[in-house]
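The block underneath contains the structure these notes are about, expressed in structure tokens.
The values are calculated or read from the model by the stated rules, or taken from the named source; none is laboratory data. Here the structure is a predicted model, which is why all the values come from computation and not from measurement. All Cβ positions, even for glycine, are placed from backbone atoms using ideal geometry, and neighbour counts span all protein chains on display.
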Amino acid sequence: MDLEILYEDNHLIAVNKTGSDLVQGDETGDEPLSEKVKAYLKKKYNKPGDVFLGVVHRLDRPVSGVVLFARTSKGLSRMNKMFQEKDVKKVYWAIVKEIPPEDQGELRHFMLKDSNKNKSYALPKMRPGSKEGILHYRLISSSANYHLLEVDLKTGRHHQIRSQLAKIGCPIKGDLKYGFPRSNPNGGISLHARRIEFVHPVKNEQVVIEAPVPRNDNLWEEFENVLKK
């Protein structure tokens with residue numbers, strides 16, 4: 001089974017999602033990542049019947065990186081509470097063509113979701129139905145034509161990173177929905193959930209899970225190799 005397991009214990013399992021995987025099933029009918037993980041656990045532990053797996057959080061389909069699932073109801077309820085109370089640190093990497101106005105900064109907008117278009121708008125002022133979106137970004141590397149931003153996500157709004165970076169003139173590479181002119185060959189976008197940090201909900205130990213960048217992508221690997229030096 002083609003899964004890259006990043007972390008696994010009795011209560012949690014984390015997987016490195018590709019830019020084509022669905023986290024949960026939708027109207028497309030494509031097999032979601034959650035079902036693939038269930039099948040992996042069923043086979044590995046020779047489990048009869050249904051396997052419990054709770055979806056703790058989600059990534060947009062074209063986004064790659066670390067996705068965390070719960071293997072027990074205790075793990076699920078406690079992780080849900082930690083996400084709600086913002087006790088989980090989520091760090092993303094984003095490749096953009098245009099350099100941002102400042103090397104680092106905080107972006108605050110009011111995010112308004114248009115469900116019909118499956119798109120969110122980053123607004124300067126509150127509007128009915130909008131929710132505040134906050135992130136901190138910093139420029140961490142540059143190549144000849146592209147720039148790598150590290151994003152510390154403070155709120156988890158629909159398409160928040162994609163919309164807010166586009167708002168400052170830095171649409172993510174491959175993200176046609178938010179203004180990048182060309183798609184990526186694999187159909188995904190160059191946004192990667194790089195790292196997640198939290199206190200384990202049962203063991204009470206600090207957990208840091210890091211996802212390697214997508215393979216078979218020279219630009220991602222170039223950035224990762226530069227930062228390793």
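Observations, loosely collected:
- Of everything in the range 109-129 that is among the basic types (Lys, Arg) and touching a Lys or Arg at 6+ places or on another chain (Cβ under 9 Å), the residue that is nearest to Lys167 (Cα to Cα) is Lys119.
Yes/no per residue for (1) surrounded by fewer than 21 Cβ atoms within 10 Å (Cβ to Cβ); (2) over 29 Å from Lys125 (Cα atoms); (3) among the charged types (D, E, K, R); (4) in contact with a helix residue (DSSP H, G or I) (Cβ under 7 Å, 6 or more places away or on another chain):
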residue	(1), (2), (3), (4)
Arg138	yes, no, yes, no
Gly169	yes, no, no, no
Ile172	no, no, no, yes
Leu176	yes, no, no, no
Glu205	yes, yes, yes, no
Glu210	yes, yes, yes, no
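- Test: residue in the range 26-48 that is touching a residue at least 40 places away in the same chain (Cβ under 8 Å), among the aliphatic types (A, V, I, L, M), in a helix (DSSP H, G or I) and touching a Phe, Trp or Tyr at 6+ places or on another chain (Cβ under 7 Å): no
For every residue, the table says whether it meets (1) over 12 Å from Phe198 (Cβ atoms); (2) of a type outside the set (Asp, Glu).
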residue: Glu35; (1), (2): yes, no
residue: Pro48; (1), (2): yes, yes
residue: Gly54; (1), (2): yes, yes
residue: Thr72; (1), (2): yes, yes
residue: Asp87; (1), (2): no, no
residue: Glu98; (1), (2): yes, no
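- Of everything listed in (1) under 15 Å from the mean Cα position of the chain (by Cα); (2) in a strand (DSSP E or B); (3) among the β-branched types (Val, Ile, Thr), the single unmet condition for Val213 is (2).
- Residue in the range 61-73 that is at negative phi, surrounded by fewer than 19 Cβ atoms within 10 Å (Cβ to Cβ) and not polar (S, T, N, Q) present: no
- Flag for Asp114 being over 12 Å from Ile168 (Cα atoms) and free of Cβ contacts under 8 Å to residues at least 12 places away in the same chain: yes
- Check on Arg162, assigned to a helix (DSSP H, G or I) and under 28 Å from Asn204 (Cα atoms): no
- One residue from Val67, Val151 being touching a helix residue (DSSP H, G or I) at 6+ places or on another chain (Cβ under 6 Å) and within 23 Å of Glu224 (Cβ to Cβ): Val151
- Qualifying positions in the range 179-199 - closer than 22 Å to Leu68 by Cβ and buried (at least 17 other Cβ atoms within 10 Å of the Cβ): Gly188, Ile189, Ser190, Leu191, His192, Ala193, Arg194, Arg195, Ile196, Phe198
- All conditions in (1) of a type outside the set (Val, Ile, Thr); (2) surrounded by fewer than 13 Cβ atoms within 10 Å (Cβ to Cβ); (3) in a strand (DSSP E or B) hold for Lys113, with the sole exception of (2).
- Residues of the range 19-30 classified as surrounded by 12 or more Cβ atoms within 10 Å (Cβ to Cβ) and either farther than 10 Å from Ser64 by Cα or in contact with a helix residue (DSSP H, G or I) (Cβ under 9 Å, 6 or more places away or on another chain) (or both), total: 5
- Residue identified as under 15 Å from Lys167 (Cβ atoms) and in contact (Cβ under 8 Å) with a residue 60 or more places away in the chain among Val96, Val91: Val96
- Single residue of the range 216-229 satisfying the filter (outside any helix (DSSP H, G or I) and on the phi < 0 side of the Ramachandran plot) that is modelled with the lowest pLDDT: Lys229
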